[in-house]
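What follows is a set of notes on a single structure, which appears directly below.
Derivation of every value follows stated rules applied to the coordinates shown; laboratory data play no part. Treat the numbers as computed from the prediction; the structure is a model and nothing was measured. Here the Cβ is made from the backbone with ideal geometry for all residues, glycine too, and neighbour counts use every protein chain on show.
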Amino acid sequence: MEGAVEVVPGRTMGLLAAQQAFVEADERFVAFIGGVGSGKTVAGAIKALRYVMEYPGAVGVVGAPNKTVLRDVTERTLRTLLPKEFGIKERKSDGVIEFPNGSEIWFRSMDDFEHRRGLYFF
């Protein structure tokens, strides 16, 4: 591991250089492209968490190719980064995590992207 970044207030984690560059990028649109095991899911989860913490009331969408990957990999990875005492509220039936600052992360499967196309989050 190369450098440590703050995941959420009070919790840091060591990242590889490519992960850290992605997490700390300030550009509006940024991509992390890599092979299996390169840390894309962890880096994306950290970026999503940092975003909703920085912008109270924000709504972020975290997606995966299908419902199985979303549940078993993507959502699970993000949840492991949150300390239990962090004070989130879960709306599991809606696939939503609510944060103490009013922000939300919505977990969505992208297997039917056309259905998601009309959602607006900016």
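Data table
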item: Helical contribution to [θ] at 222 nm, DSSP H n ≥ 4, -39,500 (n - 2.57), averaged over the chain, rounded to 500; result: -7000 deg cm²/dmol
item: Cα-centre dipole for the chain with unit charges at Cβ (Lys and Arg positive, Asp and Glu negative), debye to 20; result: 300 debye
item: Lysine-lysine proximity count for the chain, Cα under 22 Å, sequence distance 8 or more or distinct chains; result: 8
item: Percentage relative contact order, the range 3-116, counting C-alpha pairs under 8 Å, at least six apart; result: 24 percent
item: Neighbour-count ranking [beta-carbon atoms within 10 angstrom, fewest first] of Arg76, Arg108; result: Arg76, Arg108
item: FRET efficiency, 1/(1 + (r/R0)^6) with R0 22 Å, evaluated for Glu90 and Arg50 via beta carbons; result: 0.65
item: Difference of contour (0.36 nm per residue) and Cα-Cα distance, Thr77 to Phe29; result: 15.1 nm
